[in-house]
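Asker: Encoded as structure tokens, here's the structure I'll be asking about.
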Amino acid sequence: FLNPERVTLPDIDIDFCIKGRGRVIEYVTEKYGRENVAQIITFGRMAAKAVIRDVGRGLDIPYAEVDRIARLIPNELDATVEGALKSVPQLRRAVEDDERIGKLIEVAKRLEGLTRHASTHAAGVVISPRPLVEFTPLYRGKDGVVLTQYAMNELESIGLLKMDFLGLKTLTLIDDVLRRIELGGHAPIDLDTLPLDDRKTFQLFERAETGGVFQFESRGMKDILRKLRPDRFEDLIALNALYRPGPIKSGMIDDFIRRRHGQKQKGKKLPARMEEILRDTHGVIVYQEQVMRIASQLAGFTLGEADILRRAMGKKKREVMAAQKVKFLQGAKGNRIPEPEARKIFDLMAHFAEYGFNKSHSTAYALIAYRTGYLKAHHPISFMAGLLTSEKENTDNVGKYIRECREMEIPILPPDLHRSGHDFTEDGNRIRFGLNAIKNVGEGAIRSILEARKRVGRFRDLGHLCQEVDLRLVNRRVLESLIKSGACDELESDRAGLFRTINRYIEIGQKHQEARESGQSGLFDLSAGTETEPPSISLDPGEPWDLGELLSHEKEALGFYLTGHPLEECREVIRQLTTHTLPQLANADPSRKIVVAGMAGDLRKRKTKRGDMMAVFQLEDLDGSAEVIVFPNVYRNFRSILEGEEPILVEGKVEEGSEGRRILAEGIARLAGAEEKRTESVTIRITTTGLEVDVLRSLDRIFAQYPGHCPIYFDLQHPAQYRMRVKAGPAHQVLPSRNLALAIEKVLGKGAIRFHLRPL
């Protein structure tokens, strides 16, 4: 940052705990003066989908029609209306068939890309040496926040320094977990003195059990972790720098893993003068700082000059690089390095500098990753409770981490009016669901319930709760969600009866509060110095919810099944028989067949214009739901399966519908028994990065233990470089079974094996 030879301003990004980011902005405002500090403006543009919706409103076209057209725009970065017209036949037909849609698209193309609104940059802050009005016009944004009227690039062009004050959720998570650990009676943890060689932490990384661990929870990163088996902090730094598109595609990760395990490649001997500089990265140039150090030590560059060389190489500035090469060769000659060797070193630097990453950045992020990994390894309950709390707004992530808790054998207790707090909390060796993660239960309602609980201790029944809380906040909608979620089970186990009686409880609660506020005596006031018990209310009669209804209401209130799931016992079978979970259909290729599994619900039978019966239903799996269309020819063959209540498999293709992607069914089968009865081949996915012979030998032994007549295909993958499918010889055929899958996954990790079914 203080390099006098560098003429362009540096990029300064600083990460803060989300809760503290506002305090930091206030601090710099006070320190440098309110007239010298502002946040940066950013301009929202009329992107393809948004401009269609905006124009639709202007042309007074019904929203449903406009939304249908907007959904035809592909979910791709930088998608355009013109591009969609070329690639989406449905959109072209809509334009040709309907004059209004034609005009909609014509106007949208003209307006696309124009500025739509101004907002505040997510991180950018500018600090000037003199009042900002001397450099840039200002703008008062939402809530009175002062913004520059120049956007980021314009501010840099006039010489002002932009800094990014980023709110990093992981830092907030770490802070929360540390607080939980101390409140749980454990000794406070000083992160600055954590040993960086903790074996338990590195075992977590080796096993790739890194859900919730900063920068290390993607599927691709987990594959690399299993191959590399990191056992030192330097490995985490290197992986942070290497796991990017460039290094993956170039094969640098393969090279690094081989060298890390002592398998140096023939014909790639490193020049002796570079060995010391590259010792920590096993002869691979991983960091930008290494490029600078090579130029400095071998060719006599100052560090400022070396930084200019590094930037030129990274951005492929050929003219600058040509001049720098001459200078490098001259400097190397002065250090008695032969010219052929010097040229070889420069070319090697130029090759790797394109992919080089800033080591200080990578180290800082590796430290955050190590700290989250340490907390997860040593305090898993506190960590997972904090992680669930941090993700409470994202139902999909909460569901994902609850499933991980179960895999870690950490029980998740349902919400409870008497035991749940605002957030997810530790309850012994278990985690208790937080009230704030129940849908339709807002902050005000939670605050009212917790205050009432603190005042009265325990609620006798739902009527007592209604007497003590603010019914303007804890309204019928809130009570319904509390009952459906199971939070009221301790008051009354019959959720259906409690649900039917809500109105009577609310009525009694309102009367009690009115009487108390007016000072009148009543049934529940003090009598002869003691409080009389309110009369018990009998639940409205009716049948209790069966398990299916109970779980369905629970999912409605929480976003997922918590106390059970109709498909829970089939989880592993489903994973091996299907190509996608339902949420993954968003990224499915419409031209390829998919196989999904779930429970059929909301079955609607319809007649076509020809009078044939077809059906539409909602398919729900462990992770989400999707609409399925069953046309007459398919419905005739599988009608009896659809009208049952068993888990099913659906084969078909995906298409874009008005409410998102839906499935066009081509075949349907019962899930029960499909693994053994319908499997026609087995595919085993192997990532070739860092693959060792011992892994293949282990697979060979497993095949011998489960002989059969089902052929095996190996799906060999190298990230971003190649993928090939190889069929094993007839001597290697197996009998598909759950035990076979478990054995394979023990060697290659979850999701490594798939059973392919005959067409349904």
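Asker: Name the residues in the range 610-625 that are within 16 Å of residue 400 (Cα to Cα) and either open to solvent by 40 Å² or more (accessible area, probe 1.4 Å) or part of a strand (DSSP E or B) (or both), would you?
Answerer: 620, 623, 625
Asker: Could you count how many residues in the range 710-760 are over 23 Å from residue 593 (Cα atoms), polar (S, T, N, Q) and in a strand (DSSP E or B)?
Answerer: Number satisfying all stated conditions: 1.
Asker: While we're on this one: Six or more apart or on different chains, Cβ under 6 Å: which pairs go from a residue in the range 323-346 that's closer than 9 Å to residue 298 by Cβ to one that's assigned to a loop (DSSP other than H, G, I, E, B) and open to solvent by 50 Å² or more (accessible area, probe 1.4 Å)? Could you list them?
Answerer: So the pair list comes out as 331/300.
Asker: Right, residue 91: within 34 Å of the chain's Cα centre (by Cα) and open to solvent by 30 Å² or more (accessible area, probe 1.4 Å) or not?
Answerer: Against the criterion (within 34 Å of the chain's Cα centre (by Cα) and open to solvent by 30 Å² or more (accessible area, probe 1.4 Å)), residue 91 does not qualify.
Asker: Further question: Contact list please: Cβ distance under 6 Å, first residue in the range 199-210 and on the phi > 0 side of the Ramachandran plot, second residue not polar (S, T, N, Q), pairs at least six apart or on different chains.
Answerer: Cβ pairs passing all conditions: 208/222; 208/225; 208/226.
Asker: Quick check: is even one residue across the range 383-393 at pLDDT 90 or above, acidic (Asp, Glu) and not in a loop (DSSP other than H, G, I, E, B)?
Answerer: Scanning the range 383-393, I find no residue that is at pLDDT 90 or above, acidic (Asp, Glu) and not in a loop (DSSP other than H, G, I, E, B), so the answer is no.
Asker: Working carefully through the options 187, 238, find the one that is open to solvent by 50 Å² or more (accessible area, probe 1.4 Å) and of a type in the set (A, V, I, L, M).
Answerer: 187
Asker: Among the residues of the range 431-450, write down those that are free of Cβ contacts under 8 Å to residues at least 40 places away in the same chain and in a helix (DSSP H, G or I).
Answerer: 443, 444, 445, 446, 447, 448, 449, 450
Asker: What do you reckon, is residue 657 small (Gly, Ala, Ser), at pLDDT 85 or above and open to solvent by less than 70 Å² (accessible area, probe 1.4 Å)?
Answerer: Working: small (Gly, Ala, Ser): yes; at pLDDT 85 or above: no; open to solvent by less than 70 Å² (accessible area, probe 1.4 Å): yes.
Spelling it out, it is not the case that residue 657 is small (Gly, Ala, Ser), at pLDDT 85 or above and open to solvent by less than 70 Å² (accessible area, probe 1.4 Å).
Asker: While we're looking at this one, here's another question. Need pairs with beta-carbon distance below 9 Å; first residue farther than 17 Å from residue 736 by Cβ and within the range 556-581, second of a type in the set (S, T, N, Q) and assigned to a loop (DSSP other than H, G, I, E, B); sequence gap 6+ or separate chains.
Answerer: Correct list of pairs: 557/440.
Asker: Scan the range 117-140 and give yes if some residue there is free of Cβ contacts under 8 Å to residues at least 60 places away in the same chain and closer than 30 Å to residue 662 by Cα, otherwise no.
Answerer: No, because not a single residue in the range 117-140 is free of Cβ contacts under 8 Å to residues at least 60 places away in the same chain and closer than 30 Å to residue 662 by Cα.
Condition check ((1) open to solvent by 60 Å² or more (accessible area, probe 1.4 Å); (2) over 30 Å from residue 17 (Cα atoms); (3) under 33 Å from the mean Cα position of the chain (by Cα); (4) basic (Lys, Arg)) across all residues:
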{"site": "33", "(1), (2), (3), (4)": "no, no, no, no"}
{"site": "46", "(1), (2), (3), (4)": "no, yes, yes, no"}
{"site": "69", "(1), (2), (3), (4)": "no, yes, yes, no"}
{"site": "96", "(1), (2), (3), (4)": "yes, yes, no, no"}
{"site": "136", "(1), (2), (3), (4)": "no, no, no, no"}
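Asker: For the range 336-355, check the following and say yes or no: at least one residue is closer than 24 Å to residue 281 by Cα, open to solvent by 50 Å² or more (accessible area, probe 1.4 Å), not aliphatic (A, V, I, L, M) and not in a helix (DSSP H, G or I).
Answerer: For the range 336-355, residues closer than 24 Å to residue 281 by Cα, open to solvent by 50 Å² or more (accessible area, probe 1.4 Å), not aliphatic (A, V, I, L, M) and not in a helix (DSSP H, G or I): present.
Asker: Mind listing whichever residues of the range 291-323 are outside any loop (DSSP other than H, G, I, E, B), more than 15 Å from residue 274 (Cβ to Cβ) and open to solvent by 30 Å² or more (accessible area, probe 1.4 Å)? Talk me through it step by step, then tell me what you get.
Answerer: Taking the range 291-323 as the starting set, the residues that turn out to be outside any loop (DSSP other than H, G, I, E, B) are 291-299, 303-314, 318-323.
Filter once more, keeping what is more than 15 Å from residue 274 (Cβ to Cβ): 303-305, 307-314, 318-323.
Listed by number, the residues that qualify are 303, 305, 308, 310, 311, 314, 318, 319, 320, 321, 322, 323.
Asker: Could you list, in sequence order, the residues of the range 264-281 that are at pLDDT below 80 and either touching a strand residue (DSSP E or B) at 6+ places or on another chain (Cβ under 6 Å) or open to solvent by less than 100 Å² (accessible area, probe 1.4 Å) (or both)?
Answerer: Once the filter is applied, which keeps residues that are at pLDDT below 80 and either touching a strand residue (DSSP E or B) at 6+ places or on another chain (Cβ under 6 Å) or open to solvent by less than 100 Å² (accessible area, probe 1.4 Å) (or both), the range 264-281 yields 265, 267, 270, 271, 272.
Asker: Moving on to the next point. Please go through the range 579-609 and pick out each residue that is under 28 Å from residue 406 (Cβ atoms), part of a loop (DSSP other than H, G, I, E, B) and touching an Asp or Glu at 6+ places or on another chain (Cβ under 8 Å).
Answerer: 581, 582
Asker: Just the residues that are among the aliphatic types (A, V, I, L, M) and surrounded by fewer than 17 Cβ atoms within 10 Å (Cβ to Cβ), please, taken from the range 709-727. Break it down stepwise before answering.
Answerer: So the first thing to find is which residues in the range 709-727 are among the aliphatic types (A, V, I, L, M), and the list is 712, 716, 720, 724, 726.
Passing the criteria: 716, 720, 724, 726.
Asker: Could you tell me which numbered condition residue 634 fails, if it satisfies all but one of (1) under 34 Å from the mean Cα position of the chain (by Cα); (2) buried (at least 17 other Cβ atoms within 10 Å of the Cβ); (3) assigned to a helix (DSSP H, G or I); (4) of a type in the set (A, V, I, L, M)?
Answerer: (1)
Asker: When you go through (1) open to solvent by less than 50 Å² (accessible area, probe 1.4 Å); (2) over 30 Å from residue 73 (Cα atoms); (3) part of a loop (DSSP other than H, G, I, E, B) one by one for residue 129, which number turns out not to apply?
Answerer: For residue 129, the exception is condition (1).
The values are calculated or read from the model by the stated rules, or taken from the named source; none is laboratory data. The shown structure was predicted, so the numbers you read here are calculated from the model rather than taken from an experiment. Using ideal geometry, Cβ is built from the backbone for each residue, glycine included, and neighbour counts are taken over all protein chains shown. What goes into the accessible areas is simple: the full protein's heavy atoms, side chains included, and nothing from ligands, DNA or RNA. Shrake-Rupley method; radii C 1.70, N 1.55, O 1.52, S 1.80 Å.
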